[in-house]
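**Student:** My structure is below; once you've seen it, I'll send some questions.
The values are calculated or read from the model by the stated rules, or taken from the named source; none is laboratory data. Small disclaimer: the values here were computed from a predicted structure and weren't measured. Note: ideal-geometry Cβ built from the backbone for every residue, glycine included; neighbour counts use all protein chains shown.
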Amino acid sequence: MFSTTEMSTTVVMKFGGTSVADAERIKHAAARIVAKRESGHRVIAVLSARGKTTDELIAMAEEVSPAPHPREMDMLLSTGERISCALCAMAINDLGHQALSLTGSQAGIVTDTSHTKARILDVRADRIMAALDEGKIVLVAGFQGVSTSRDVTTLGRGGSDTTAVALAAALGAEVCEIYTDVAGVFSADPRIVPSARKLPVVSFEEMLEMSASGAGVLQLRSVEYARNHGVRIHCRSSYDDGPGTVVVSEQDTLEQALVTAVTHSTGEARITLLGVPDEPGIAGRIFSALAEANVNVDMIIQNEPIADGRRADMSFTVPREDIRSARAALEPVVEEVGIGAIAMDEDMGKVSIIGAGMRSHPGVAAKVFNVLGDAGINIEMISTSPIKISCVISGDRVAEAVRGLHEAFELSGKETILLEDPFEGPR
Ligand code: ASP
Ligand code: MG
């Protein structure tokens, strides 16, 4: 009755943690998956760990070890997604369909060997294909794979999005649907700005900047992967049937907003190296050490406060959770090249505005700085890209900054994007 024909298209449906948090939500997800199957699609569902499971597993590890071994951490963390898949498969079977749950390894997700932050190298989808050909619904545990040295790996926080996109690419899926507890991608976090607007369409370029600057909806790597492989992403609510946000290439967006969204993060830490010898090669040494420790550095500032110009101060931001590994990686370098001191500031935040239209409009940065200045918020660091302006500020001023910028750029609740130039004066 439910056999797949050659004509039927493939859809990947990914359910986030809140969408599988309890028995009721799992049954609801199962029903949605079954409905999609009954409408004639070949369906692969990728599930996240339930609710706060991943956080709880991390806490459990920290109870027994101050710095848990990364390989064992992955063995532990990968269990959360397996639980979700097995439970959902049971619920689907009870709805009269055949479901097959697979771990990342069984699903053919091959990664590199960098535990807790692995990258997908290959997707060997033959087992999934065979199951789909038999008319089965395939459930894949998100966020995990098997490394080239046959160990279980995980893909970093939020990694189930990347599993879903990678499978959609490998299987030539029509769409990769990301089901979540919000209705799509918003012009700001609706918990901070209640009047934030749902964006019907976002370009990959904007979405990359948004994910990189704190929008939690999609893992950054999933957006990169989707852009590189031409996967269409649809972020939508698991609570209702309404359309969410579609992420597409820039040619497919009709209009370019000056500013599309305000994003933020409160998880930043700043590291300052004082008295760094101002010689060629030193910055390379410092950042190679951080790169080897897999620490993602965001903003970097260097200045030369000492008159003779032989020493500089260097500040940069890293995710707060990486501060321990950053310090461990830097200590030998500090010793070796004779850096004066390391200072850490753990309570930094970042606010960013993103919009493809700012490429061709002057004055956006000035407006951002004025809004923050008028609110008495000190800007500690600044970085820009052609379509983004980010400011590092004190962590406790972030919400206020987000609200101020969202209002100043008039991003609230309009159904159509403003095309007029809100700035006065010549371009
Ligand atoms: N469960 C993992 C996390 O919380 C992966 C995911 O949900 O995408 O980061
Ligand atoms: Mg997520």
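**Student:** Looking for something within 22 Å of Arg227 (Cα to Cα), away from ligand 1 (no atom under 12 Å from the Cβ) and under 15 Å from the mean Cα position of the chain (by Cα) - is there at least one such residue anywhere in the range 121-141?
**Tutor:** No, the range 121-141 contains no residue that is within 22 Å of Arg227 (Cα to Cα), away from ligand 1 (no atom under 12 Å from the Cβ) and under 15 Å from the mean Cα position of the chain (by Cα).
**Student:** Filter the range 46-77 down to residues that are hydroxyl-bearing (Ser, Thr, Tyr) and within 16 Å of ligand 2 (Cβ to nearest atom) and give me whichever is nearest to the chain's Cα centre (by Cα).
**Tutor:** Ser48
**Student:** If I ask for residues that are aromatic (Phe, Trp, Tyr) and within 30 Å of Gly395 (Cβ to Cβ), which ones from the range 233-292 would you list?
**Tutor:** Within the range 233-292, Phe287 is the sole residue that qualifies.
**Student:** Here's a follow-up. Answer yes or no: is there a residue in the range 65-75 that is closer than 15 Å to Gly142 by Cβ and of a type in the set (Asp, Glu).
**Tutor:** yes
**Student:** Let me ask something else about it. Cβ-Cβ under 6 Å, sequence separation 6+ or interchain: first residue in the range 7-25 and within 16 Å of ligand 2 (Cβ to nearest atom), partner in a strand (DSSP E or B) and among the aliphatic types (A, V, I, L, M). Which pairs?
**Tutor:** Val12/Ile44; Met13/Ala45; Lys14/Val46; Lys14/Ile178; Phe15/Leu47; Val20/Leu47
**Student:** Going through the range 180-232 one residue at a time, which ones are more than 19 Å from Gly413 (Cβ to Cβ) and among the β-branched types (Val, Ile, Thr)?
**Tutor:** Hits for the range 180-232 are Thr180, Val223, Val231.
**Student:** Which one is farthest from Gly16 (Cα to Cα) among residues in the range 150-161 that are buried (at least 21 other Cβ atoms within 10 Å of the Cβ) and either away from ligand 1 (no atom under 15 Å from the Cβ) or of a type in the set (Gly, Ala, Ser) (or both)?
**Tutor:** Here the answer is Gly159.
**Student:** Then there's this: Given Val140, Val110, which one is crowded, with 24+ Cβ neighbours inside 10 Å and outside any loop (DSSP other than H, G, I, E, B)?
**Tutor:** On inspection, the qualifying residue turns out to be Val140.
**Student:** OK, next. More than 15 Å from ligand 1 (Cβ to nearest atom), closer than 11 Å to Val12 by Cα, aliphatic (A, V, I, L, M) and not in a loop (DSSP other than H, G, I, E, B), is that true of Ala164?
**Tutor:** No: the conditions fail for Ala164.
**Student:** So, Ser160, is that one among the hydroxyl-bearing types (Ser, Thr, Tyr) and free of Cβ contacts under 8 Å to residues at least 40 places away in the same chain or not?
**Tutor:** In short, no.
**Student:** Which residues, counting only those in the range 171-220, are surrounded by fewer than 24 Cβ atoms within 10 Å (Cβ to Cβ), away from ligand 1 (no atom under 16 Å from the Cβ) and assigned to a helix (DSSP H, G or I)?
**Tutor:** The answer is Phe204, Glu205, Leu208, Ala212.
**Student:** Name the residue, out of Glu72, Glu24, Glu6, Glu56, that is within 16 Å of ligand 1 (Cβ to nearest atom), acidic (Asp, Glu) and either in a helix (DSSP H, G or I) or at pLDDT below 95 (or both).
**Tutor:** Glu56
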